[in-house]
Each structure stands twice: as structure tokens, then as C-alpha cells.
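Undergrad: This structure is in C-alpha cells; I'll ask about it shortly.
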Amino acid sequence: MSKKIIVFVLSLVLTLSLTGCGQSQPESQPPKPQNADTKTELPQYEDHEFIISGLWAPRDVSEEGFKLYKDAGFTALSFSNHDELPRTSDNQYYIGSNRTMEALKLCKKVGLDAILGYGDNWYVLEIEGDDYFDGTPFSNYDYYNDYKDIIKAVKIKDEPSKEHIDKYKSETLIEDFKKVYPDAQYFMTITPRHASPTAYGFGSYDEMLAYYGENILSRFDNSLMEVDFYPFPNEEHREYPRWDDWVITYEAIAETAKKYNADVSIIMQSSAGLEFAKDLTEADMRFQVNMALAFGAKTLKYYCYTVPTIQYTYNYCILDPNNKPSALYGYVKDIHKEIQSYADVILSYKWDSVIGSNPVGFSSNMDMSKLLLENEFKDTKHFEHVLSSTDLVISRFVSEKYGEAYMLVNYAQKDAKNNVVTVTFKDCSRLALYGGKGFDGTPKIVELDEEGKYRFEFEYGEGVFVVPMV
């Protein structure tokens with residue numbers, strides 16, 4: 001009996017083997033389609049990266065100092081000067097200085113891009129002579145051919161007046177810049193709204209932005225709109241408002257950039273003490289970064305990286321007064337890693353518009369009142385309605401290729417309760433959520449309820465970038 005069983009098994013194995021061998025198999029087969037509805041899948045975004053820089057860059061031009069700077073997630077060195085250093089070519093940053101050349105060499109070595117300083121300071125004339133700015137200075141001091149690939153921008157002037165804009169809108173100067181730095185951005189840092197426009201030669205802030213746009217931004221295909229805003233003052237002596245016009249300053253900057261297809265750069269506060277709050281928390285830093293992203297910033301900068309001496313002896317900046325990392329160093333290092341992990345996503349969209357939300361239609365944050373006048377986007381594809389338990393900023397982003405996306409930021413004061421937000425969407429079934437503490441680039445996919453609603457809850461300073469999925 002056992003012999004018959006063995007014979008039967010062997011016969012069966014042989015039959016199955018011959019059947020398999022008799023089939024004709026191609027050398028390779030493509031994987032079978034998974035029948036996925038591509039409209040419900042996230043797209044493959046192009047590669048993007050935030051440009052991140054700290055003003056008052058490392059005091060010493062050294063490999064150690066530049067590596068410490070880069071290790072915090074900074075990608076570009078802003079060539080800003082230190083007041084206490086001697087007024088010499090070896091110690092000051094400007095186009096043509098020895099210090100600029102040495103720093104460019106180190107930037108290339110450690111893998112940093114560069115944002116040069118033109119040198120609109122009286123001491124440059126003292127060093128180089130009265131004819132430094134005459135004619136075609138970029139050509140006259142064209143020493144950096146080996147570093148043009150890392151020079152991303154040149155700052156021409158800080159907080160320009162109408163007189164300065166008139167000076168630097170010169171066709172000769174701009175054409176000279178384009179010839180020498182064809183791929184770099186030519187820019188000035190515009191004041192925030194609360195700075196008196198009359199002191200800069202303008203009747204209003206809107207007039208200032210319009211003049212700058214028409215005379216500078218319109219002259220370049222690759223332009224940059226930059227503003228500085230420091231929202232955390234020393235409450236014992238508020239010489240001028242801070243938070244009262246944060247949103248409306250950013251909105252005006254973003255609208256001007258949109259008109260001229262310019263990139264947005266935001267300078268944020270990383271200095272504590274003196275005219276500023278005595279301390280800054282991790283949540284304060286996240287709040288500032290989220291606000292910058294909500295208004296389309298591609299470049300993020302901090303005032304300051306090192307503590308300036310002589311005039312501005314702050315308690316600490318990203319480094320402390322001894323040039324060692326402060327607590328802010330660790331905070332921003334983590335934040336930079338998080339936002340770079342979804343830079344491909346958010347930078348594939350362009351900022352389009354902003355609205356606000358508040359449960360009672362009135363806010364103690366005075367700039368929010370303007371946004372509350374309009375609680376809905378115009379001609380939106382996916383956003384329908386929002387309800388929030390306190391102040392909320394919502395920006396709409398658009399892309400011809402990828403459609404719409406949104407950024408939500410809790411705009412409530414730090415002592416407020418968590419912001420509970422319910423957003424109603426249309427023509428989509430899921431959301432991809434990006435950002436937050438510890439975010440590693442993998443979006444959280446969430447389902448909308450049967451009414452198209454999703455409930456968020458934000459702590460102070462928190463925000464999220466939202467991509468609707470059909």
C-alpha cells in the first residue's frame with residue numbers, strides 16, 4: 001500500500017512540473033496596475049528647499065563657526081557686519097571686500113549659499129574711496145566668478161526711503177547687476193506697516209509698496225519682496241505696536257509679491273531682551289515660522305543669529321553673548337528640519353489670499369478685524385466654511401498643476417485656550433496634513449465626515465498645511 005502511495009505522489013509532482021515547464025513565460029513582466037484612482041493619490045512634487053539665514057552671521061570667519069551655523073539648518077549665510085569690528089576690508093562685508101571673499105570660500109567648503117551685502121554704508125567710502133558707488137560697481141568689483149553658483153541674492157539697502165529707491169532704480173546700476181549676477185536676486189528690506197511711512201518719504205504704507213514694486217520688483221524676472229517684523233516686544237516699554245499689524249503687514253507684502261511674481265522673504269525675531277521680550281519660547285518660534293509660511297515665504301531669516309555688541313546687547317539670540325548655542329538654537333534646528341521635510345509640497349504652490357476666523361466677529365488683535373470682514377475665499381474649489389473658537393489665519397495657495405491647498409495658523413495669544421477649528425470642505429473626501437512638532441515629511445491622511453467637515457485643535461503657535469484629496 002505504501003509503495004502505491006509513493007508512486008502516486010511522484011507521478012503528481014512530475015505532472016505538475018511538466019505543466020509549468022510547458023508554459024511560455026516572458027523574461028520580465030511589468031507590475032500589474034493597482035487600479036488606484038489617481039485623483040485620490042498625492043502628486044509627485046518637484047524638489048524645493050527653503051532658504052534659511054540668520055542676520056549678524058558668525059562673528060568669526062572660521063570653518064568651525066560656519067559648520068555650527070549650518071548644523072542648525074541654515075542654508076545661506078547673510079553677510080551682515082558687526083559694529084565693533086575695525087572698518088577695514090578684512091573685517092567688513094561689502095562687494096569687493098577681503099572678508100567677503102574669505103567667507104565665500106568657506107561657504108563653498110562647508111556647503112552654504114550666500115546672500116551678499118552691497119555695502120551701502122558710509123564706512124565703505126572711507127575704506128574704498130568716494131568713487132566706490134559710481135557707474136558700474138558690480139562690474140568694477142566682479143571678483144566672485146568661482147562663487148556665482150552659491151550667491152543667491154545681494155541685499156542693496158535696509159529699510160529704504162523713497163530717495164534710496166530712486167537711487168537704486170538706476171537703469172545703469174540694475175543692468176550692471178543683471179550682467180554680473182544674472183541668477184541672483186536684487187532686493188531691499190521693507191519696513192513693517194507700523195513704521196511711519198512719512199519718515200521714508202511716502203504718504204502711506206500702500207504707496208511705499210506700490211512704489212517699490214513698480215520701480216524695483218518689476219525690473220526683474222527673479223525678484224524678492226522682504227520685510228522684517230518682530231512681534232514680541234518688551235511689554236514694559238512698547239514704543240510702537242507689534243502684534244497690532246502683523247497680519248496686515250504680511251498680507252500687504254504677499255499681495256505685492258503676488259502682483260510682481262516675486263518670492264517672499266520674512267525676517268523673524270530671535271532676539272530677547274532690551275526692546276524685546278526677555279525670553280522667547282519654542283512655541284514663539286514655531287508661531288513666527290508658521291505665520292511666515294502662511295504668507296508664502298520661501299526665504300526665512302532671523303534677527304539675530306549672533307548677539308550684536310555695542311548698541312544691541314541682547315540677553316541672547318540663536319547664539320548667546322559668548323557665541324555658544326542658546327536654547328533657540330535647538331528650537332530652530334528642529335523647526336528647520338520639520339519644514340524642509342515638506343518644502344517640496346508647500347513651495348509647489350503660490351500664496352493667493354488670506355481670510356480670518358473668530359467666533360464673535362471681533363478680535364482684541366486689531367489687525368485680525370480686517371480679515372474678519374471677509375470670512376470666505378472667492379472662487380475656491382475645495383474650501384467652504386470655517387468655525388474657530390478663537391483667532392485663526394487661513395491662507396489659500398494655488399497651483400496650475402496641483403490645484404488648491406491651505407495653511408491654517410492659530411493666531412490666538414499664548415494665554416488663550418486651545419483653538420478648536422472645524423473646516424467644511426467640498427469636492428474632496430480626504431485631507432493630507434503637513435507640519436507640526438516632530439513632523440518627518442510623511443503626511444497624515446484624514447477622512448472628512450459625511451458633511452465634508454474636519455475638526456482641528458491647535459495649541460498656541462501651531463499651524464498645518466492642508467492638501468485636499470478628491
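Undergrad: Among (1) among the basic types (Lys, Arg); (2) more than 19 Å from Ala72 (Cα to Cα); (3) crowded, with 22+ Cβ neighbours inside 10 Å, where does Arg286 come up short?
TA: Arg286 satisfies every listed condition except (2).
Undergrad: What are the pairs with Cβ atoms under 8 angstrom where one residue, in the stretch 436-454, is without any contact (Cβ under 8 Å) to a residue 24 or more places away in the chain and closer than 19 Å to Ser388 by Cα and the other, located anywhere, is open to solvent by less than 70 Å² (accessible area, probe 1.4 Å) and in a loop (DSSP other than H, G, I, E, B)? Sequence gap at least six, or different chains.
TA: Leu448/Cys428; Leu448/Ser429
Undergrad: Sticking with this structure for a sec: Inspect all residues belonging to the stretch 231-242 and state whether any of them is open to solvent by 10 Å² or more (accessible area, probe 1.4 Å), in a strand (DSSP E or B) and closer than 23 Å to Asp183 by Cβ.
TA: Looking for residues that are open to solvent by 10 Å² or more (accessible area, probe 1.4 Å), in a strand (DSSP E or B) and closer than 23 Å to Asp183 by Cβ, one finds none in the stretch 231-242, hence no.
Undergrad: Still on this structure, I have one more. Return the only residue of Val360, Val393, Val354 being among the β-branched types (Val, Ile, Thr) and out of contact with any helix residue (DSSP H, G or I) (no Cβ under 6 Å at 6 or more places or on another chain).
TA: Just one listed residue meets the conditions, Val360.
Undergrad: Now for a separate question. Determine, yes or no, whether Tyr312 is in contact (Cβ under 8 Å) with a residue 60 or more places away in the chain, at negative phi and assigned to a loop (DSSP other than H, G, I, E, B).
TA: Taking the combined requirement at face value, the residue does not satisfy it.
Undergrad: Determine, yes or no, whether Ala277 is under 20 Å from Leu408 (Cβ atoms), open to solvent by 10 Å² or more (accessible area, probe 1.4 Å) and in contact (Cβ under 8 Å) with a residue 12 or more places away in the chain.
TA: When the stated conditions are applied, Ala277 does not pass them.
Undergrad: Right, next: Could you pull out every one of the helices (runs of 4 or more DSSP H) wholly within the stretch 77-189 that has 1 or more residues that are more than 26 Å from Ala199 (Cβ to Cβ) and open to solvent by less than 10 Å² (accessible area, probe 1.4 Å)?
TA: Counting at least 1 such residues, we get 98-110, 137-140, 171-180.
Undergrad: Being touching a strand residue (DSSP E or B) at 6+ places or on another chain (Cβ under 8 Å), open to solvent by 70 Å² or more (accessible area, probe 1.4 Å), among the basic types (Lys, Arg) and in a loop (DSSP other than H, G, I, E, B) narrows it down to one residue among Lys414, Lys378, Lys437, Lys401; which is it?
TA: Lys378
Undergrad: Is the stretch 336-344 home to any residue that is part of a helix (DSSP H, G or I) and of a type in the set (Val, Ile, Thr)?
TA: Yes, there is a match, as at least one residue in the stretch 336-344 is part of a helix (DSSP H, G or I) and of a type in the set (Val, Ile, Thr).
Undergrad: Here is a further query. Filter the stretch 303-313 for residues that are out of contact with any Leu (no Cβ under 6 Å at 6 or more places or on another chain) and buried (at least 23 other Cβ atoms within 10 Å of the Cβ); which is modelled with the lowest pLDDT?
TA: Val307
Undergrad: Okay, moving on. Any idea how many residues of the stretch 440-457 are assigned to a loop (DSSP other than H, G, I, E, B) and open to solvent by 30 Å² or more (accessible area, probe 1.4 Å)?
TA: Looking only at that region, the number is 6.
Undergrad: List pairs: first residue in the stretch 345-357 and β-branched (Val, Ile, Thr), second residue part of a strand (DSSP E or B) anywhere in the structure, Cβ distance under 6 angstrom, at least six positions apart or on different chains.
TA: Val345/Tyr434; Ile346/Phe465; Val354/Ser395; Ile355/Ile394
Undergrad: Something else: Scan the stretch 256-276 for residues that are among the aromatic types (Phe, Trp, Tyr) and outside any loop (DSSP other than H, G, I, E, B) and report the count.
TA: Of the residues in that region, 1 qualify.
Undergrad: Test each condition in (1) touching a Pro at 6+ places or on another chain (Cβ under 8 Å); (2) closer than 15 Å to Asn290 by Cβ; (3) not charged (D, E, K, R) for Ile318 and report the one that comes out false.
TA: Failing condition for Ile318: (2).
Undergrad: Looking only at the stretch 417-432, count every residue that is closer than 27 Å to Val332 by Cα and either at pLDDT below 95 or open to solvent by 20 Å² or more (accessible area, probe 1.4 Å) (or both) and tell me the total.
TA: Going through the stretch 417-432 one residue at a time, the tally reaches 3.
Undergrad: Kindly provide the set of residues from the stretch 321-351 that are open to solvent by less than 30 Å² (accessible area, probe 1.4 Å), under 21 Å from Phe383 (Cβ atoms) and of a type outside the set (Gly, Ala, Ser), ordered by number.
TA: Tyr342, Val345, Ile346, Tyr349, Trp351 - these are the residues of the stretch 321-351 that are open to solvent by less than 30 Å² (accessible area, probe 1.4 Å), under 21 Å from Phe383 (Cβ atoms) and of a type outside the set (Gly, Ala, Ser).
The values are calculated or read from the model by the stated rules, or taken from the named source; none is laboratory data. No experiment lies behind these values; they were computed from the predicted model shown. Glycine also receives a Cβ, built like all others from the backbone with ideal geometry; neighbour counts cover every protein chain displayed. Only protein heavy atoms, including side chains, enter the accessible area calculation; ligands, DNA and RNA are left aside. Shrake-Rupley method; radii C 1.70, N 1.55, O 1.52, S 1.80 Å.
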